[in-house]
Amino acid sequence: MKFSRRDFLSSGAMLAAAGVLSPAVGMQPQEQAAWDAYAAASAQKPDKLLDSEPVLQVPAETSMGVAFAVNALSNGFADVADNPGMKNPSRFFCEGVPQGKIDERVMQVRITGLKPNTRYWYRAGAAALSHPVGYWTKPSEIEWTRVHSFATCGAGGASHFAVMNDTHARWDAFKLVTEKIRALGVPVAVWNGDASNTSWKRETAVEIFLKPQGSEAYAADIPVLFNNGNHDFRGHANMHLDSVMMTRLPTERSARDWALTRNFAVRQGEIALIGLDTGEDKPDRHPANGGFSRFERYRTMQTAWLEDQFKRPEIASAPYAVAFCHIPLFDSRPEANPGTILEDWADWQKQCADEWGPVLGKNRVQLVVAAHKHCYRCDPATPSRPWAQIVGGGPEMGSRGSGANKIPDTTRFPTVIEGNVSGGQLEILVHDVLHNTLAGRHVFKPRNC
Ligand SMILES: [Fe+2]
Ligand SMILES: [Fe+2]
């Protein structure tokens, strides 16, 4: 039987498109042969098309991103419903117009039009794409993950978060950290940088963010707010990290801030979570940066962005405001490296402290959560610096150095920093996940007190 254009257009997904096309007309023999070959070709798919669990990311009040790995050129999908039985789902596919960003390794699907502070159920999937006739593309059946769930951000949600940092592809530490975050049952986790070491190949980034060994489903139900660390800029693949980890929706920022793709300011319950990027740990003129870095300009661009976030009603009205950045904004030691000199590397980031510190103070941000130093500490607020700073630990597991230089160090353990509002105050618990003990507890009054 001949396969006609009318048959094709009247089937399935092409039905909508048919309305804008002219009625079918007779085909030339060569064209008829192409249509027949397309119809007869099997839609090819590897036995196992999906190659990772879904990783929820870039959470917002009305949108959510999900990325996952595949084993062949595919289009990705997410079916999303407001019930665990997945009745009447909405379907989303690889982000982008006029064509979705199909890919041979990473699917990135943006779920939009969601309600704030609402639980949804979803499954991710992919259809392999083959080309039986020239560039004509034929999708396979969709291979699906199991059903997972998430809650969108919003002022009405749980005032609860957790922070992970400096995992550096150490899978033993990564497993302890992510299992703790799952046990805490937080609605959102901040991943405060140095997920990477140096990533020359995209596959390294895929393994770090989408396929962490032993922790594959770490973000299938708890979305991550990823914040760059200095190591997340190192290596050619990290310059294209947005091909693995999605960036914030462009509609979240003004045209002036077009380049600030990872900065976030979201309301989670009574807490405003604000993400700032301290960039590399050496000045732009350092030879390691090869003459193409603009971190100093980038930090200043974020200063204007930061000022504006506090004009947003949902951020201005938040009883608690916590800023997250990778490199600390303060170090009490006079000899600490400020990141502005060519020697060694930054202990703290002076430019960010000078530019962002007063904005944070003026807007009564109670706490900065930083990372980078691989050792937990707390710098309480002072009259001249009204925000406290907590620095997370990890990934070293009770020692420092490596090889023959490895020595025991009880101050070196991975942490999960948990924030939770209860009893009219923000309680920060610093969990030592190596020894399964509490390393620290800090409390903060509301901003309007
Ligand atoms: Fe680090
Ligand atoms: Fe770092």
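A few remarks follow.
- Among the residues of the stretch 183-194, those that are outside any strand (DSSP E or B) and either under 17 Å from Leu56 (Cβ atoms) or within 16 Å of ligand 1 (Cβ to nearest atom) (or both) comprise Leu184, Gly185, Val186, Pro187, Val188, Asn192, Gly193, Asp194.
- Of all residues in the stretch 311-325 being of a type in the set (A, V, I, L, M) and over 14 Å from Asp379 (Cβ atoms), the one that is farthest from ligand 1 (Cβ to nearest atom): Ala316
- Residue within the stretch 260-268 that is more than 16 Å from ligand 1 (Cβ to nearest atom), among the basic types (Lys, Arg) and not assigned by TED's automatic domain parsing to the domain that holds Gly125 present: yes
- Subset tally (residues that are buried (at least 18 other Cβ atoms within 10 Å of the Cβ) and either closer than 13 Å to Val244 by Cα or among the charged types (D, E, K, R) (or both)) for the stretch 68-82: 4
- Lone unmet requirement of (1) in contact with a helix residue (DSSP H, G or I) (Cβ under 7 Å, 6 or more places away or on another chain); (2) of a type in the set (A, V, I, L, M); (3) away from ligand 2 (no atom under 16 Å from the Cβ) for Leu276: (3)
- Considering the stretch 227-245, the residues that are outside any helix (DSSP H, G or I) and surrounded by fewer than 24 Cβ atoms within 10 Å (Cβ to Cβ) include one that is nearest to ligand 1 (Cβ to nearest atom), namely Arg234.
- Cross-chain or 6+ apart pairs with Cβ under 9 Å, the stretch 211-236 first and over 30 Å from Asn289 (Cβ atoms), then within 14 Å of ligand 2 (Cβ to nearest atom): Gln213/Ala169; Ala219/Trp191
- Among the candidates Arg333, Arg385, Arg377, residue that is free of Cβ contacts under 8 Å to residues at least 60 places away in the same chain and closer than 28 Å to Arg170 by Cα: Arg377
- Candidate set from the stretch 326-364 (those that are within 16 Å of ligand 1 (Cβ to nearest atom) and acidic (Asp, Glu)); member that is surrounded by the most Cβ atoms within 10 Å (Cβ to Cβ): Asp331
- Selection status of Ile315, closer than 24 Å to Gly419 by Cα, within 16 Å of ligand 2 (Cβ to nearest atom) and either of a type in the set (Val, Ile, Thr) or touching a Cys at 6+ places or on another chain (Cβ under 7 Å) (or both): no
- Residues of the stretch 182-204 that are away from ligand 2 (no atom under 13 Å from the Cβ) and more than 15 Å from the chain's Cα centre (by Cα): Arg182, Ala183, Leu184, Gly185, Val186, Ser199, Trp200, Lys201, Arg202, Glu203, Thr204.
- Being free of Cβ contacts under 8 Å to residues at least 12 places away in the same chain and farther than 22 Å from Arg202 by Cβ is a property that does not hold for Pro84.
Matching residues to (1) within 20 Å of Thr415 (Cβ to Cβ); (2) within 16 Å of ligand 1 (Cβ to nearest atom); (3) assigned to a helix (DSSP H, G or I); (4) not β-branched (Val, Ile, Thr):
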position: Ser196; (1), (2), (3), (4): yes, yes, no, yes
position: Trp200; (1), (2), (3), (4): no, no, no, yes
position: Ser215; (1), (2), (3), (4): yes, no, no, yes
position: Ala219; (1), (2), (3), (4): yes, no, no, yes
position: Leu225; (1), (2), (3), (4): yes, no, no, yes
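- If you go through the stretch 162-191 and keep only what is surrounded by fewer than 24 Cβ atoms within 10 Å (Cβ to Cβ) and farther than 21 Å from Cys375 by Cβ, you end up with Glu179, Arg182, Ala183, Leu184, Gly185, Val186, Pro187.
The values are calculated or read from the model by the stated rules, or taken from the named source; none is laboratory data. Computed from a predicted structure; not experimentally measured. Neighbour counts run over all protein chains shown; Cβ positions are idealised from the backbone, glycine included.
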